[in-house]
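Reviewing the structure listed below.
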Amino acid sequence: MSESLSHRRFPDAERDKSTAATVPQTPQTQSPSYRLAFADQDFLLRDELRPVRLQLELLKPEMALVEAGIRSTIVMFGGARIPAPADADGARTETLAGLAKYFDQAKEFARLCTEESVRGGGHENVIITGGGPGVMEAGCIGADEAGGKSISLNIVLPHEQAPNLYATPEFCFNFHYFAIRKMHFLMRAKAITVFPGGFGTLDELFETLTLVQTGRMAPLPILLFGKEFWDKILNWEALAEAGTIGPRDLDLFRYVETAEEAFEIVRDWKG
């Protein structure tokens, strides 16, 4: 309980929940209607309670990060299927095996950022990933090896994956709503790094670009690792030539190849 609430006059919710559990078992007390609303899971999962659940998913990680003093983050987006170099021989495709080098770059970038964060007290530029395998695991490994913590934003999927074992447990969150998860990725972001990936990575990249392009988010470094990969799957110039984006929109992001290059850009950013 927070100190500001330690002397309040009314019993807190936890106490009443415990008291309610000790009442005699009667038809009345066993009826679902008698359950305390905030302790009634069946009630909280009703469709009509969706606005409440959205708020809870916004509040739970936010309160935890505020209490931990986390002020800013470095976002790492990238594919869950990017293998570590040691596992590249088992990759589904030759191209995927070739992308294994970015696993090491992601790990090194997270290590460099976290070392600097730890020197400053660990409250700024904390690594944040989706908490899964691939690039996300590499980011968590780098932060862990640097003696710092990382934030992981997992989401429930039909093919549920467990958080990677390097995710910091107290900052490992799980989401039902993609929209709220995306908000948490960007709320404290000081820089966005995007490694090769699939639909999820593209979704996260384009959402970030759109927010900055439209002025709904302040400019920040948006760094794409692997020019060859991105130029092969996205024809940015065709968008500008067609007039569907402006020529200056191509300046919203930069290509990088190495962790050191990306770290220097983030460190020296004056925006």
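No lab work stands behind these numbers, since they all come straight from the coordinates. The shown structure was predicted, so the numbers you read here are calculated from the model rather than taken from an experiment. Backbone-built Cβ (ideal geometry, glycine too); neighbour counts: all protein chains shown.
For the reader, a short list of remarks on this structure follows.
- Order of 126, 156 under a 10 Å beta carbon neighbour criterion, fewest first: 156, 126
- Cα-based Lys proximity count in segment 56-268, under 25 Å, for pairs eight or more positions apart or on separate chains: 17
- Axis angle, to the nearest 10 degrees, between helix 101-119 and the longest C-alpha principal axis of the chain: 60 degrees.
- Sorting 236, 230 by the number of Cβ atoms found within 10 Å of their own Cβ, with the fewest placed first, yields 236, 230.
- Looking at segment 148-245, the trypsin sites (Lys or Arg not before Pro) that sit in a DSSP loop and have at most 14 other Cβ atoms within 10 Å of their own Cβ are 216.
- Helical contribution to [θ] at 222 nm, DSSP H n ≥ 4, -39,500 (n - 2.57), averaged over the chain, rounded to 500: -12500 deg cm²/dmol
- Over all other residues within a Cβ to Cβ distance under 13 Å of residue 210, the charged ones net out to -2, with Lys and Arg as +1 and Asp and Glu as -1.
- Put a plus charge on the Cβ of each Lys and Arg, a minus charge on the Cβ of each Asp and Glu, and nothing anywhere else: the dipole of segment 162-271 about its Cα centre is then about 460 debye.
- Rounded to 10°, Cα long-axis angle of helix 135-145 versus longest principal axis of the chain: 80 degrees
- The trypsin sites (Lys or Arg not before Pro) of segment 50-111 meeting both criteria, a DSSP state outside H, G, I, E and B (loop) and at most 11 other C-beta atoms within 10 angstrom of the site's C-beta, are 92.
- Matching the structure-derived Rg and Dmax of the Cα atoms in Å against the labelled list (1) 21.1, 69; (2) 22.1, 74; (3) 17.5, 51 gives the label (2).
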